[in-house]
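Read through the structure below, which is laid out as structure tokens, and then see the notes.
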Amino acid sequence: MTDQAQQYRKEGYLALPGFVPTDVTHAFLSTLKTDLIHGGVSFDTLKRGSPLLQTEAIEVYGMHYMPMATFLWGMTPAISALVGHDLRPTYCYFRMYRAGDICRIHSDRFACEHSLSLLLAASDGKPWPLEVGSQHIETPRQRADPDFGDEAYGSVPMLPGDAVLYQGVHRAHGRMTPNPNRWSAHLFLHWVDPAGPYADNAFEGMAIPPTEALAMERV
């Protein structure tokens, strides 16, 4: 097991500065924006509210935008190597935060056993930290708290291209500090252990057909 995998297993998260080159993250964001505009999609229709957020935020899910799902699938070998064992992708989504936004402290649903928060771009290039709790959560519960209370936590300032890998189900996390940028764009990518308790969340529950069903020609 690598040092990074050991650190991730022990601390519940792993900071990955400069994980994806910013020309790649900017190109992804530019393509997403262009495709939405060409598709006649109003950004206002993409705004979603949540108990975790103070205001509505633009969100796009991988199931509705296949290049994002492909990005998730393609990242799987790299994330498996960091975690130290085989993983399967579940789902992913994009969110754009505005100035002053926060994300209340919470833990994730079972499809987020291993999660990656990736900062694509930030209008003013100001670091915005992701905070992750120090305690392993054995039995997850719904929560949307303003802070960690008495629990110790780690804080990872993030710039474009930076990522944080964290145990989304078993570690509380969020962004308590208001966003210092006019806007920032983020990808959230999720995986499960195919031999673990959340394996049925792989590929968003899609049944993988046998090889003989995959031929694209008449037999």
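Please enumerate, by chain and number, the lysines with C-alpha under 20 Å from the C-alpha of Lys47, excluding those fewer than 8 residues away in the same chain.
Lys33
With the other protein chains left in place, how much accessible area per residue, in square angstrom, belongs to the stretch 177-216 at a 1.4 angstrom probe?
Per-residue value: 57 Å².
Counting Lys +1, Arg +1, Asp -1, Glu -1, what net charge surrounds Ala15 among other residues with beta carbon under 13 Å of its beta carbon?
Taking every Cβ under 13 Å from that of Ala15, the sum is -3.
Using DSSP to call loops (not H, G, I, E or B), can you name the trypsin sites (Lys or Arg not before Pro) in the stretch 156-205 whose Cβ has at most 16 other Cβ atoms within 10 angstrom?
Arg182
Note down the net charge around Pro146, summing +1 for each Lys or Arg and -1 for each Asp or Glu among other residues with Cβ under 15 Å from its Cβ.
Charge balance near Pro146 sits at -3.
I'd like the carbon and sulfur percentage of the solvent accessible area for the stretch 70-208, probe radius 1.4 Å, heavy atoms only, ligands and nucleic acids excluded.
On the stretch 70-208, the fraction of accessible area on carbon and sulfur atoms equals 54 percent.
Plugging the Kirkwood radius over Cα pairs into Stokes-Einstein for the chain, at a temperature of 10 °C and a viscosity of 1.306 mPa s, what D comes out in µm²/s?
Translational diffusion coefficient: 88 µm²/s.
So which GluC sites (Glu not before Pro) in the stretch 115-190 are both in a DSSP loop and have at most 10 other Cβ atoms within 10 Å of their Cβ?
Listed in order of number, the matching sites are Glu138.
Summing +1 for each Lys or Arg and -1 for each Asp or Glu, what net charge is found among the other residues whose Cβ lies under 12 Å from the Cβ of Pro77?
Summing Lys and Arg as +1 and Asp and Glu as -1 gives 0.
Can you pull out the trypsin sites (Lys or Arg not before Pro) in the stretch 38-147 that DSSP calls coil and that have at most 16 other Cβ atoms within 10 Å?
Arg109, Arg141, Arg143
Report the full-extension gain for the segment Glu217 to Lys10: residue separation times 0.36 nm, less the Cα-Cα distance, to one decimal in nm.
69.6 nm
Using just the helices of the chain, give the 222 nm mean residue ellipticity in deg cm²/dmol: DSSP H runs with n ≥ 4 each add -39,500 (n - 2.57), and the total is spread over all residues, rounded to 500.
My calculation for the chain gives -6500 deg cm²/dmol from helical runs alone.
Over the stretch 29-164, what relative contact order in percent results from Cα pairs under 8 Å that are six or more residues apart?
After rounding, I find 23 percent.
The values are calculated or read from the model by the stated rules, or taken from the named source; none is laboratory data. The structure presented is a predicted model; accordingly, all values stated were derived computationally and were not measured. Every residue, glycine among them, receives a Cβ derived from its backbone with ideal geometry; neighbour counts consider all protein chains shown. All accessible areas refer to the heavy atoms of the entire protein, side chains included, with ligands and DNA or RNA removed. Shrake-Rupley method; radii C 1.70, N 1.55, O 1.52, S 1.80 Å.
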